[in-house]
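Beneath this line is the structure, given in structure tokens, with notes to follow.
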Amino acid sequence: GGGTYQWNPSAGLSCNNCASPQANPTETTTYFLSVTDANGCSAPDSVTVTINVREVKYVPNMFSPNDDGKNDKLFFYGEGIKWFQFVIYDRWGEKIFEDSGPPLPLGGAGGGLGWDGTFRGKPLNSAVFVYFLKGEFISGNPFEEKGNITLIR
């Protein structure tokens, strides 16, 4: 007791001059601590907080926007994603939907734009659509994917 604490870096810490700060870094971080007691004696220490981020992406291959409360919107799901662009085209190559938002988490809870199966405000008939997905994970690894999505009415 009676000493001073100095944590460095302070980013991601609830305080940088207390004995037991809460750490919430966004990436793996080594925190260095310098403790000085009432007599002026000091001692260093360090602790590394490792962040393990899952890098996952998933696009369902079908959905049914029929207002039954199940699969009424098509979402891009992902974890550990820095940015993405998700574009859906019809069979003639016309862009009918685009999202770049945060992806919906794999558990399904949260926000997200989602495609409701309409184009220019009108419901589309059952058909197969093509999607193009590109982006980057938090680690810096890029991803790119193409595939088909079936809309069922």
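The values are calculated or read from the model by the stated rules, or taken from the named source; none is laboratory data. This structure is a prediction, so every number in the text was calculated from the model and none was measured. Cβ coordinates were reconstructed from backbone atoms using ideal geometry, including for glycine residues, and neighbour counts include every protein chain displayed. Accessible surface areas use protein heavy atoms only, side chains included; no ligands, DNA or RNA. Shrake-Rupley method; radii C 1.70, N 1.55, O 1.52, S 1.80 Å.
When Lys and Arg each count +1 and Asp and Glu each count -1, what net charge do the other residues less than 14 Å away from residue 52, Cβ to Cβ, add up to? Let's see the in-between values first.
On the way: positive: 54; negative: 27, 55, 79.
Neighbourhood net charge equals -2.
Heavy-atom surface analysis with a 1.4 Å probe gives the chain a carbon and sulfur content of 49 percent of its accessible area. With all protein chains kept in place, the per residue accessible area of the chain amounts to 63 square angstrom at a probe of 1.4 angstrom. Between 17, 61, 39, the residue with the greatest mean-square fluctuation in the GNM of the chain (Cα pairs under 10 Å linked by springs) is 39.
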